[in-house]
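Accompanying notes for the structure given below.
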Amino acid sequence: MPRTPSEYSVQLFLEGGHTEEVRFPNIQDFQKWYSGELVPKSTSEDFITVPIKNIQGEYMVVRPSRISAIRVEPIFSSSVERFT
């Protein structure tokens, strides 16, 4: 039986070498934001809001044209980080 991720970590790689991480509770929420907010304005210099659902009282805005890459990684609550 396949495991189901607890949430998804989305890393936004920005021009200038900065990286920002936001988390989405499920892949559908990410896809909705990506296709509804980011893609239509991908060449825009105007700011768009990036949802930060796990941090109350904070928000992030970004210029879509400054995003050079996006990495989406499933996070499993049963995952254990091991340091060697």
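The values are calculated or read from the model by the stated rules, or taken from the named source; none is laboratory data. All values reported here derive from a predicted model rather than from experimental measurement. FYI the Cβ positions are ideal-geometry reconstructions off the backbone, even for glycines, and counts take in every protein chain you see.
One residue is enough: does segment 39-60 have a residue meeting the conditions of a type outside the set (A, V, I, L, M, F, W, C) and part of a helix (DSSP H, G or I)?
Yes - at least one qualifying residue is present in segment 39-60.
Anything in segment 12-41 that is of a type outside the set (A, V, I, L, M) and either surrounded by fewer than 12 Cβ atoms within 10 Å (Cβ to Cβ) or touching a Lys or Arg at 6+ places or on another chain (Cβ under 6 Å) (or both)? List them, or say none.
Glu15, Gly16, Gly17, His18, Thr19, Glu21, Gln28, Ser35, Gly36, Pro40
So which residues in segment 26-71 are at pLDDT 90 or above and within 21 Å of Thr4 (Cβ to Cβ), if there are any at all?
Correct list: Asn26, Ile27, Gln28, Asp29, Phe30, Gln31, Lys32, Trp33, Tyr34, Arg71.
When segment 23-52 is examined, which residues are found to be of a type in the set (A, V, I, L, M, F, W, C) and touching a residue at least 40 places away in the same chain (Cβ under 8 Å)?
Passing the criteria: Ile27, Phe30.
Across segment 53-76, what is the number of residues that are out of contact with any Ser or Thr (no Cβ under 7 Å at 6 or more places or on another chain), β-branched (Val, Ile, Thr) and touching a residue at least 40 places away in the same chain (Cβ under 8 Å)?
Summing the residues that are out of contact with any Ser or Thr (no Cβ under 7 Å at 6 or more places or on another chain), β-branched (Val, Ile, Thr) and touching a residue at least 40 places away in the same chain (Cβ under 8 Å) in segment 53-76 gives 4.
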